[in-house]
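Peer 1: So that we are looking at the same thing, I have put the structure below in structure tokens.
The values are calculated or read from the model by the stated rules, or taken from the named source; none is laboratory data. Predicted model, so just to flag it, every value in this text is computed and none were measured. Cβ sites come from the backbone with ideal geometry, for glycine too, and all protein chains shown count toward neighbours. These accessible areas exclude ligands, DNA and RNA; they are computed on the full protein's heavy atoms, side chains included. Shrake-Rupley method; radii C 1.70, N 1.55, O 1.52, S 1.80 Å.
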Amino acid sequence: MIFETERLVIRKLLISDLQPFFELESNAKVLQYATGEVKTVLECENELAELIKKYEIEDNDFWIYAIVRKEDKQFVGTVALVKDEVGDDEIGYRFIERFWGNGYASETCKGLILYCRKVGMKKIIGNVVNANVASERILIKFGFKKVKDFISEDIGLPESKYELQL
């Protein structure tokens, strides 16, 4: 376990997470503000294996973890803690569509903030596509401040960069 919240456990990904990981990564609505590109089950299997291998790399700066409900061990999404192109610690999360609207994103964000403070980070950032109003609201709720507007290189949409001093 990496950290936990009231209802969720954040842990390393497992090969046995393939089916829910595929459900997450093959849904165009889930990915519309991320890569925009859905993946096949084979692509998900390969990506999952690569993400799991990264746990063994000492100087890894690209961590993706599973978000699992405590009550039934159900995989509901993923959380990211990665270095961006300028070396900032960026957080992110995505959830399987059928788990939207349960407050998991807010709960995960709050847990991430506490975890990042605990491990000694001084600042975290979140990049949000401007049309993703729900995600923007969560960052603002937890004290993130907008520092930059830009057009994302990967999906070509207007985004804002938010940061939180820890």
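Peer 1: Condition first: closer than 12 Å to M121 by Cβ and among the charged types (D, E, K, R). Now tell me which residues in the range 75-96 satisfy that.
Peer 2: K83, D88, D89, E90
Peer 1: Okay, moving on. Does the range 108-134 hold any residues that are in a helix (DSSP H, G or I) and open to solvent by less than 30 Å² (accessible area, probe 1.4 Å), and which are they?
Peer 2: Selection gives T108, C109, G111, L112, I113, C116.
Peer 1: Further question on the same structure: Restricting the search to the range 1-55, which residues are at pLDDT below 95, open to solvent by 50 Å² or more (accessible area, probe 1.4 Å) and assigned to a loop (DSSP other than H, G, I, E, B)?
Peer 2: M1, Q32, Y33, T35, E37, V38
Peer 1: Now for a different question. Among the candidates F150, F99, single out the residue that is surrounded by 15 or more Cβ atoms within 10 Å (Cβ to Cβ) and either within 21 Å of Y33 (Cβ to Cβ) or out of contact with any strand residue (DSSP E or B) (no Cβ under 8 Å at 6 or more places or on another chain) (or both). Spell out the reasoning first.
Peer 2: Numbers: F150 fails: surrounded by 15 or more Cβ atoms within 10 Å (Cβ to Cβ).
Sole residue among the options that is surrounded by 15 or more Cβ atoms within 10 Å (Cβ to Cβ) and either within 21 Å of Y33 (Cβ to Cβ) or out of contact with any strand residue (DSSP E or B) (no Cβ under 8 Å at 6 or more places or on another chain) (or both): F99.
Peer 1: Suppose we filter the range 12-46 for residues that are over 16 Å from I96 (Cβ atoms) and of a type in the set (D, E, K, R); how many remain?
Peer 2: 4
Peer 1: Among the listed residues I67, I52, identify the single one that is more than 26 Å from V129 (Cβ to Cβ) and not charged (D, E, K, R).
Peer 2: On the way: I67 fails: more than 26 Å from V129 (Cβ to Cβ).
After applying the criteria, what remains is I52.
Peer 1: May I ask you to verify whether A105 is in contact (Cβ under 8 Å) with a residue 60 or more places away in the chain and outside any strand (DSSP E or B)?
Peer 2: no
Peer 1: Still on this structure: Residues being loosely packed, with under 14 Cβ neighbours inside 10 Å and not in a loop (DSSP other than H, G, I, E, B): count how many of those fall in the range 80-96.
Peer 2: Within the range 80-96, residues that are loosely packed, with under 14 Cβ neighbours inside 10 Å and not in a loop (DSSP other than H, G, I, E, B) number 1.
Peer 1: Do we find a residue being in contact with a Gly (Cβ under 9 Å, 6 or more places away or on another chain) and either of a type in the set (D, E, K, R) or free of Cβ contacts under 8 Å to residues at least 60 places away in the same chain (or both) anywhere in the range 35-55?
Peer 2: no
Peer 1: Quick check on the range 56-68: of everything there that is under 16 Å from the mean Cα position of the chain (by Cα) and without any contact (Cβ under 8 Å) to a residue 40 or more places away in the chain, which residue is surrounded by the most Cβ atoms within 10 Å (Cβ to Cβ)?
Peer 2: W63
Peer 1: Shifting gears a bit: Spot the failing condition for L139; the list is (1) farther than 18 Å from R94 by Cβ; (2) of a type in the set (A, V, I, L, M); (3) in contact (Cβ under 8 Å) with a residue 12 or more places away in the chain, and only one is missed.
Peer 2: With respect to (1) farther than 18 Å from R94 by Cβ; (2) of a type in the set (A, V, I, L, M); (3) in contact (Cβ under 8 Å) with a residue 12 or more places away in the chain, L139 is out only on (1).
Peer 1: On to the next question. Are there any pairs, at least 6 apart or on different chains, whose C-beta atoms fall under 9 Å, with the first in the range 72-89 and among the basic types (K, R) and the second in a strand (DSSP E or B) and surrounded by 14 or more Cβ atoms within 10 Å (Cβ to Cβ), and if so, which?
Peer 2: K73/V9; K83/D89; K83/E90
Peer 1: Can we say G77 is surrounded by fewer than 17 Cβ atoms within 10 Å (Cβ to Cβ) and either over 17 Å from the mean Cα position of the chain (by Cα) or assigned to a strand (DSSP E or B) (or both)?
Peer 2: no
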